[in-house]
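The values are calculated or read from the model by the stated rules, or taken from the named source; none is laboratory data. The structure presented is a predicted model; accordingly, all values stated were derived computationally and were not measured. As a convention, Cβ positions derive from the backbone with ideal geometry for all residues, glycine included, and neighbour counts pool all protein chains shown.
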């Protein structure tokens with residue numbers, strides 16, 4: 001894949017949709033909570049769970065770390081798999097407390113590669129969740145690969161059907177400037193394209209903004 005095509009896609013999407021202002025959250029800790037809750041569920045359900053946490057005054061690392069797991073599970077019930085996700089949030093908070101004393105500024109000072117390895121060692125945090133935390137909560141240039149990204153790149157013949165997470169991520173880090181703002185906007189634009197045009201079963205190719213990209 002030639003570098004200009006990836007840049008063309010970004011420019012075309014940005015011209016079509018404008019800035020996406022993603023991730024929708026009031027602070028970085030809320031982004032982390034959302035990244036864990038959004039596993040295997042629609043964002044609308046995550047919003048309901050986050051609203052419950054906010055109403056209960058629990059969108060705070062210190063308060064959430066002290067909240068019993070059963071009560072946490074009840075609050076995040078709308079996100080689905082609430083017992084599993086409550087445990088995963090607790091696992092992250094235990095890591096966050098032990099390594100960084102629940103201080104995001106301390107965490108942010110750690111170099112990208114080392115911090116990514118640490119996050120991946122936390123039970124329940126896979127590559128997509130780790131990169132979402134790194135990119136959207138900590139403004140580190142770690143491109144997020146999700147099913148939308150793979151779908152779009154696959155349909156434009158930029159990746160092989162069996163491309164794994166690392167191969168897709170390397171495409172962006174190799175061909176684009178490693179810039180958190182660029183990665184943030186590009187990923188958000190791909191999500192927008194997938195939801196509005198590059199649908200899973202009935203893609204709207206005839207009116208897609210990338211229709212004439214070659």
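At-a-glance table
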| read-out | value |
| --- | --- |
| Residue list for region 142-157, restricted to those being surrounded by fewer than 19 Cβ atoms within 10 Å (Cβ to Cβ), touching a helix residue (DSSP H, G or I) at 6+ places or on another chain (Cβ under 7 Å) and part of a loop (DSSP other than H, G, I, E, B) | 146 |
| Members of region 32-65 that are assigned to a helix (DSSP H, G or I), surrounded by fewer than 19 Cβ atoms within 10 Å (Cβ to Cβ) and within 13 Å of the chain's Cα centre (by Cα) | 43 |
| Qualifying residue in region 122-141 (condition: farther than 28 Å from residue 195 by Cα and in the same structural domain as residue 39 (by TED's automatic domain parsing)) | yes |
| Number of the condition not met by residue 162 [criteria: (1) surrounded by fewer than 16 Cβ atoms within 10 Å (Cβ to Cβ); (2) in the same structural domain as residue 86 (by TED's automatic domain parsing); (3) part of a loop (DSSP other than H, G, I, E, B)] | (2) |
| Matching option when the condition is within 19 Å of residue 194 (Cβ to Cβ) and either touching a strand residue (DSSP E or B) at 6+ places or on another chain (Cβ under 8 Å) or free of Cβ contacts under 8 Å to residues at least 40 places away in the same chain (or both), among 45, 40 | 45 |
| Among residues of region 165-182, those that are closer than 15 Å to residue 129 by Cα and either out of contact with any helix residue (DSSP H, G or I) (no Cβ under 6 Å at 6 or more places or on another chain) or assigned by TED's automatic domain parsing to the domain that holds residue 105 (or both), counted | 2 |
| Pair list, Cβ under 8 Å, 6 or more apart: region 96-122 residue on the phi > 0 side of the Ramachandran plot, other residue part of a helix (DSSP H, G or I) and modelled with pLDDT of 95 or more | 102/61; 102/62; 102/65; 102/93; 102/96 |
| Qualifying residue in region 85-97 (condition: surrounded by fewer than 16 Cβ atoms within 10 Å (Cβ to Cβ), modelled with pLDDT of 95 or more and either within 30 Å of residue 196 (Cα to Cα) or under 16 Å from the mean Cα position of the chain (by Cα) (or both)) | no |
| Residue 212 vs. criteria within 16 Å of residue 15 (Cα to Cα), without any contact (Cβ under 8 Å) to a residue 24 or more places away in the chain and either assigned to a loop (DSSP other than H, G, I, E, B) or in contact with a helix residue (DSSP H, G or I) (Cβ under 7 Å, 6 or more places away or on another chain) (or both) | yes |
| Region 98-118, residues that are loosely packed, with under 14 Cβ neighbours inside 10 Å and in a helix (DSSP H, G or I) | 98, 105, 106, 113, 114, 117 |
